[in-house]
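Notes follow the structure.
The values are calculated or read from the model by the stated rules, or taken from the named source; none is laboratory data. Keep in mind that what you see is a predicted model, and the values were worked out from it rather than measured. Positions of Cβ are generated from backbone atoms using ideal geometry, with glycine treated the same way; all protein chains shown enter the neighbour counts.
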């Protein structure tokens, strides 16, 4: 009975985090982007500096009619947003934010494998949406998504493999426990590759060629409206949280920090995640969208060689110190 | 020297970060009133007491948006045995702001200073016909007319002051000359007396 209660409580907490933190990131994006462009951003919803803007947006989306195009592949079309969103919920379960047993939804032994495999599923949602919409813009977006998934999954996996090699384990808490401060310069290249590839996989600007609202009208999401569209948007922000969490755990040492008492490690984790989320927003505001061929060239000629070089470096250092 | 690879990327990030620390330019208009520049052309106010119904404004208006009606009244003679005078009385003064193009010619042309620019601008209506504003509304706007702003440094002297100053200087010079002449006359007499 106690086990059931424990599991239920953990799931509820993870679900609450999953529903709230992406909204916080989204609101931060509204405000940070506005101020980076010399604007104020939302000011009315909720009264104080528009804090409830995303709640208001959610209410608006829920009120809209749920439309499925006549020619669409009905089932697949309706299922796609769930496929895009749920993997991030599953990944969130496995991300540890503190050293103790209670600071992770569920310890998974093969954590990296689980996390990366499930994150890859999220992109399938866009592919399904692109194909099932029976719309040429959606199809274009879906094809670009597929090309991007192929190109960026590889450097992401290679960079993660480098950390797993360094720690000698594929368990996420195990990796953070093995972390030393000098891993930071040692794994910096891998960290950058992982972060950039992750951004590309989330289809965040400047890697948002598959969405490209000004060119192919939101790509795979062209035919979506109402709650299903909102789910896609939520998936994007949940993806940011997951990506920042993973980068923190794998490359920035999770709950390790120069200061802080025992039991407060989770503050460090959350702080690092917040800083990374800010960087994600910052990059979006600063850079223009990459063209499709530039996207592919960046992955195949820059990120993959860098990731391979990082693995080689990790191997050499690992052999040298053992 | 070729630029360091990636310096452009860093520069882009620096620009956005610097903008974030600066004050935003958003005008929160309905909550905060805008600070209008001096001599803002918001609406035209009428100071009825100065109006003589000369019709100059209505005739000069390029799009004929000023409506004036008046009648004549006879004023009894001021002094016994004098002549009766007739006088124009304003019945209606209206400006159709759906036609007005805010050129300000009526204000320039008014010889008696009866029309003024007011910075008031919140008089939108849902029906275009309601944009024709009558004299009572124009009079209300008169009270929102600000004091004329101070002259810019080095600006030309206002014509009235220049004219007054010229007259004063002329009078001064004349008086000085007279004083000089008055002084010289006794001296001459003295000199004549010695001889």
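In the range A:262-300, the qualifying residues are those that are more than 14 Å from every other protein chain (Cβ to nearest Cβ) and within 19 Å of residue A:149 (Cβ to Cβ), and the one that is surrounded by the most Cβ atoms within 10 Å (Cβ to Cβ) is A:299. Can you tell me how many residues within the range B:95-126 are surrounded by 12 or more Cβ atoms within 10 Å (Cβ to Cβ) and in contact with a helix residue (DSSP H, G or I) (Cβ under 7 Å, 6 or more places away or on another chain)? Result for the range B:95-126: 16.
The rows are residues; the columns are (1) more than 24 Å from residue B:126 (Cβ to Cβ); (2) touching a strand residue (DSSP E or B) at 6+ places or on another chain (Cβ under 9 Å).
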{"residue": "B:7", "(1), (2)": "yes, no"}
{"residue": "B:19", "(1), (2)": "yes, no"}
{"residue": "B:25", "(1), (2)": "yes, no"}
{"residue": "B:30", "(1), (2)": "no, no"}
{"residue": "B:55", "(1), (2)": "yes, yes"}
{"residue": "B:74", "(1), (2)": "yes, yes"}
{"residue": "B:81", "(1), (2)": "yes, no"}
{"residue": "B:94", "(1), (2)": "no, yes"}
{"residue": "B:105", "(1), (2)": "yes, no"}
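Considering the conditions (1) closer than 24 Å to residue A:198 by Cα; (2) surrounded by 15 or more Cβ atoms within 10 Å (Cβ to Cβ), residue A:107 is excluded by exactly one of them, (2). Total residues in the range A:144-177 satisfying the condition of being free of Cβ contacts under 8 Å to residues at least 40 places away in the same chain and part of a helix (DSSP H, G or I): the figure is 3. The single condition among (1) surrounded by 16 or more Cβ atoms within 10 Å (Cβ to Cβ); (2) farther than 23 Å from residue A:161 by Cβ; (3) under 14 Å from the mean Cα position of the chain (by Cα) that residue A:221 does not meet is (3).
Number of residues in the range A:241-268 that are in contact with a helix residue (DSSP H, G or I) (Cβ under 6 Å, 6 or more places away or on another chain) and at pLDDT 85 or above equals 10. Scan the range A:39-60 and tell me whether some residue there is surrounded by 15 or more Cβ atoms within 10 Å (Cβ to Cβ), within 28 Å of residue A:220 (Cα to Cα) and within 14 Å of chain B (Cβ to nearest Cβ). Yes, the range A:39-60 contains at least one residue that is surrounded by 15 or more Cβ atoms within 10 Å (Cβ to Cβ), within 28 Å of residue A:220 (Cα to Cα) and within 14 Å of chain B (Cβ to nearest Cβ). Out of curiosity, is residue B:184 at pLDDT below 90 and surrounded by 10 or more Cβ atoms within 10 Å (Cβ to Cβ)? Judged against the criteria, residue B:184 is a match. Entry remark, the range A:20-36: residues being touching a helix residue (DSSP H, G or I) at 6+ places or on another chain (Cβ under 7 Å) and within 10 Å of another protein chain (Cβ to nearest Cβ) number 4 in total.
Within the range B:16-54, how many residues are surrounded by 13 or more Cβ atoms within 10 Å (Cβ to Cβ) and more than 18 Å from residue B:118 (Cα to Cα)?
Filtering the range B:16-54 for residues surrounded by 13 or more Cβ atoms within 10 Å (Cβ to Cβ) gives B:16-17, B:19-20, B:24, B:26, B:36, B:40-48, B:50-54.
If we keep only those that are more than 18 Å from residue B:118 (Cα to Cα) too, we end up with B:16-17, B:19-20, B:24, B:26, B:52-54.
Looking only at that region, the number is 9.
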